[in-house]
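The values are calculated or read from the model by the stated rules, or taken from the named source; none is laboratory data. Here the structure is a predicted model, which means the values were calculated and not measured. Using ideal geometry, Cβ is built from the backbone for each residue, glycine included, and neighbour counts are taken over all protein chains shown.
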Amino acid sequence: MLGFQPYETFQLLIETGGVDRTNTLLIAACDAYARRGKPTVPEMEQFETLAARLFPTAGPQARAKGAAILGRAEVLSPALEQLVVDNIGEDLIPFLETAAELSDQTMLDIIARYDVPACATLAARANLSNVVLAKLFQMNSRKVYRALAANTAITPRGAYLSALARSAQMDHLVAEALGRRKDFDAALLAPAFFDLSDSHRIKVIQAFSNRETPVAPIARTIEQLSVASAELTKALMKLFSENRRPEVTRLLAQITGLDEVRCGQIAHDATGAALFVILRAFGATAYDGLKVLIHATSHDTERSKALADYATLFGTVSSESMAYLMSAWRGEVNLLELSKPQYQPFTQPSRRTAAATTAAPAQNPVVEQAIEALARIGARRAS
């Protein structure tokens, strides 16, 4: 087999040659098998028998070296995979990353050991079976969930969707990984809103565009204050224009029921994403809302595009959906209800629409009107 002498000869060499000769035989046999390409079934079975004798008898360094060489073979049976995993030592992670195929049994054995780095490596592999995925999702490990969240070969649905959404609430890196995915409903990241990057916060809000939502628990409170929506936007614009953000914090705490720490984050959020949610939830129009956002935000070179995005969102995102988002911040709703058919977006965004929006961000008439109105206010104050 593979140019070697018959198995009986190897058996004799192993038994009479000592550890040094066994080490040499192991490395030579593993190298020959790795160079063989795709072996026949009899050759693989014969090598399994030989390797099962050599590995236990060889020294630790030879076992690790032989396993590393064997791990580069084109085809490994489950028994040979197990020998590699058991003996490869520090090279286990590279082996799990580069192995073309791994049997379910090998992966389940690794998961059973609760070797977190190795399991995280498995979680990043493509073509994982449902049996293996189920075991990985049962692990209480942030590293594993981060790998699962970033693995685009895994379709987030059913129990996997629920598990990823819950993990995103506890780990901002999971939330960020899910925010980068196009196949994940960004609305489910609402509880992690304040841990997300600026662009992903906008994605969460955009996920509520043209979408029905369940009735928010905070809706009744908002109804009582909605009659004063104009007064609210005027008060916020005045406070932001005078940079009185601590007073903004107290005002938001009074009307939203959020704690002051969270309201302080909203008041000092230079992107305006969280403030947009508050304004729209309380019924602010694009015209009035943008005047507040212009004073509250600082976008520098991206200012016009950001304001144009908000102007569009005022038209596509309903007050009810932003009230629902606020209730998610307060932990009052089960966001997984949004996966039901009746709460899916009415229209799916197209590449053409997205391209048109980004092509001319500064041409939005609502933005221009809000800026002109503020300019007139400034001119009257100056005179």
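Restricting attention to the stretch 97-110, does a residue exist that is over 30 Å from residue 47 (Cα atoms), of a type in the set (A, V, I, L, M, F, W, C) and either surrounded by fewer than 19 Cβ atoms within 10 Å (Cβ to Cβ) or assigned by TED's automatic domain parsing to the domain that holds residue 331 (or both)? For the stretch 97-110, residues over 30 Å from residue 47 (Cα atoms), of a type in the set (A, V, I, L, M, F, W, C) and either surrounded by fewer than 19 Cβ atoms within 10 Å (Cβ to Cβ) or assigned by TED's automatic domain parsing to the domain that holds residue 331 (or both): absent.
Against the condition assigned to a helix (DSSP H, G or I), surrounded by 16 or more Cβ atoms within 10 Å (Cβ to Cβ) and among the acidic types (Asp, Glu), how does residue 176 come out, does it pass? Reasoning before the result, please.
On the way: assigned to a helix (DSSP H, G or I): yes; surrounded by 16 or more Cβ atoms within 10 Å (Cβ to Cβ): yes; among the acidic types (Asp, Glu): yes.
Spelling it out, residue 176 is indeed assigned to a helix (DSSP H, G or I), surrounded by 16 or more Cβ atoms within 10 Å (Cβ to Cβ) and among the acidic types (Asp, Glu).
Listed here are the residues, each with its yes/no results for (1) more than 20 Å from residue 322 (Cα to Cα); (2) modelled with pLDDT under 90.
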position	(1), (2)
161	yes, no
173	yes, no
190	no, no
202	no, no
211	no, no
215	no, no
221	no, yes
224	no, yes
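Taking residue 94, is it touching a residue at least 24 places away in the same chain (Cβ under 8 Å), in a helix (DSSP H, G or I), surrounded by fewer than 21 Cβ atoms within 10 Å (Cβ to Cβ) and of a type outside the set (Gly, Ala, Ser)? So residue 94 fails the test. Picking from residues in the stretch 29-73 that are of a type in the set (A, V, I, L, M, F, W, C) and loosely packed, with under 15 Cβ neighbours inside 10 Å, the one that is farthest from residue 88 (Cα to Cα) is 41. For residues that are more than 13 Å from residue 292 (Cβ to Cβ) and among the acidic types (Asp, Glu), scanning just the stretch 204-232, find the one that is surrounded by the most Cβ atoms within 10 Å (Cβ to Cβ). Step by step, filter the stretch 204-232, then rank; the result is 212.
The combined condition, being surrounded by fewer than 19 Cβ atoms within 10 Å (Cβ to Cβ) and charged (D, E, K, R), is not fulfilled by residue 146. Here residue 235 meets each of (1) farther than 17 Å from residue 310 by Cβ; (2) of a type in the set (A, V, I, L, M); (3) buried (at least 19 other Cβ atoms within 10 Å of the Cβ); (4) not assigned by TED's automatic domain parsing to the domain that holds residue 144 with one exception, condition (3). Per the conditions (1) charged (D, E, K, R); (2) within 14 Å of the chain's Cα centre (by Cα); (3) surrounded by 18 or more Cβ atoms within 10 Å (Cβ to Cβ), the sole criterion not satisfied by residue 135 is (2).
Residue check: is residue 321 modelled with pLDDT under 90, within 30 Å of residue 159 (Cα to Cα) and assigned by TED's automatic domain parsing to the domain that holds residue 261?
Working: modelled with pLDDT under 90: no; within 30 Å of residue 159 (Cα to Cα): yes; assigned by TED's automatic domain parsing to the domain that holds residue 261: yes.
Spelling it out, it is not the case that residue 321 is modelled with pLDDT under 90, within 30 Å of residue 159 (Cα to Cα) and assigned by TED's automatic domain parsing to the domain that holds residue 261.
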